1. Any residue that is more than 9 Å from chain B (Cβ to nearest Cβ), in a helix (DSSP H, G or I) and open to solvent by less than 20 Å² (accessible area, probe 1.4 Å) - is there at least one of those in the stretch A:6-27?
2. Among the residues of the stretch A:59-89, how many are in contact with a helix residue (DSSP H, G or I) (Cβ under 8 Å, 6 or more places away or on another chain) and assigned to a helix (DSSP H, G or I)?
3. Since B:GLY92 meets every condition but one in (1) small (Gly, Ala, Ser); (2) touching a residue at least 24 places away in the same chain (Cβ under 8 Å); (3) open to solvent by less than 40 Å² (accessible area, probe 1.4 Å), which condition does it not meet?
4. Tally up the residues in the stretch A:88-100 that are open to solvent by less than 30 Å² (accessible area, probe 1.4 Å) and within 9 Å of chain B (Cβ to nearest Cβ), please.
5. Could you list all residues from the stretch B:20-36 that are open to solvent by 20 Å² or more (accessible area, probe 1.4 Å) and at the interface with chain A (Cβ under 9 Å from one of its Cβ atoms)?
6. Can you spot a residue in the stretch B:96-113 that is surrounded by 13 or more Cβ atoms within 10 Å (Cβ to Cβ), of a type in the set (Ser, Thr, Tyr) and assigned to a loop (DSSP other than H, G, I, E, B)?
7. If you go through the stretch A:31-57, how many residues are in a helix (DSSP H, G or I), open to solvent by less than 40 Å² (accessible area, probe 1.4 Å), under 15 Å from A:PHE84 (Cβ atoms) and within 14 Å of another protein chain (Cβ to nearest Cβ)?
8. Pairs only if they're at least six apart or on different chains, beta carbon under 7 angstrom, first in the stretch A:59-86 and of a type in the set (Lys, Arg), second not in a loop (DSSP other than H, G, I, E, B); list them, first residue then second.
Amino acid sequence: MTTTTIAGHEVEVNEEGFLTQPDQWSEDLAPELAKLIGIDPLTDKHWELIRFLRTDHAAMGETATLRRVSTQTGTAVKDLFVLFPGKPAKKMAYVSGLPKPKGCV
Amino acid sequence: MTSPIVPSFDAPESEGRKLAIICSKGNLDMAYPGLILANAALGEGIETHLFFTFWGFDIINKATMGDLKFSFVGNTAMHLPGSSMGIHHMLGALPGATAGATAFMKKQIAALDVPEVPEFLELLSGSGCHMWACRMSADMNHLTEEDLYEGVEGIISASDFIEITDGAQLLFI
């Protein structure tokens, strides 16, 4: 396991750079992670999604897919692509300190 | 101080990647692979084009898209889901077999929280998928854009599609 330091926080990451320990994440780390992947600043809408992902992961034991985020939060898929451009599902998971989603859809 | 390890979401080597999928079949089990792969590609930020042709037209025809069927006639590898117990494919020709097999497959798909075809098209559309209808198929079926799912950008010829997908990786389903 590799560790890396992000804004003074030492966290464990996998070979891609995703955090591997969800409990090493905290709300003050999210803006730092977001900045590293070019999302700055985090808006209320970003936060709503991040908090959903955290709660859902805690309840379900896995990261929500893009479709699940969309249907459960009532956010249009199109808007998810605006908030987290390019690869929304992976970027949301990264900023939320979670593994990338495993589901196909 | 060393820089942190960060996923390379916007790596330049994947920039400009383009995927084209030709959907030529209208059976339920042949519609999903194209839709799922398109969704996966879009989620990776890849420009994705779908071309619906021949029976694949049923996927975007408003009259048929919600009612695609699964038949196992001709599938000599048919077996019960989750079991190695074979089912003779000709049993699929019995009355009610297609309806039963379709209902069962739809249930399995829904259990995985994968949407039905019309909602799946909405998901793809929202993700920026380019959808094209085949001119010849439209003419053969006497269908116009009015009859097709709204997210379809146009009815185009095969050569238009080839032109649009210049440089794309291509899948024929």
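The values are calculated or read from the model by the stated rules, or taken from the named source; none is laboratory data. Nothing here was measured: the structure is a model prediction, and the numbers come from that model. As a convention, Cβ positions derive from the backbone with ideal geometry for all residues, glycine included, and neighbour counts pool all protein chains shown. Keep in mind that these areas ignore ligands, DNA and RNA; they rest on the heavy atoms of the full protein, side chains included. Shrake-Rupley method; radii C 1.70, N 1.55, O 1.52, S 1.80 Å.
1. Looking through the stretch A:6-27, none of the residues is more than 9 Å from chain B (Cβ to nearest Cβ), in a helix (DSSP H, G or I) and open to solvent by less than 20 Å² (accessible area, probe 1.4 Å).
2. Residues flagged as in contact with a helix residue (DSSP H, G or I) (Cβ under 8 Å, 6 or more places away or on another chain) and assigned to a helix (DSSP H, G or I) within the stretch A:59-89 amount to 15.
3. Looking at each condition in turn, B:GLY92 falls short on (2).
4. Qualifying residue count for the region: 4.
5. Within the stretch B:20-36, B:ILE36 is the sole residue that qualifies.
6. no
7. So the count comes out to 2.
8. Listed by first residue and then by second, the contacts come to A:ARG67/B:LEU123; A:LYS78/B:GLY126.
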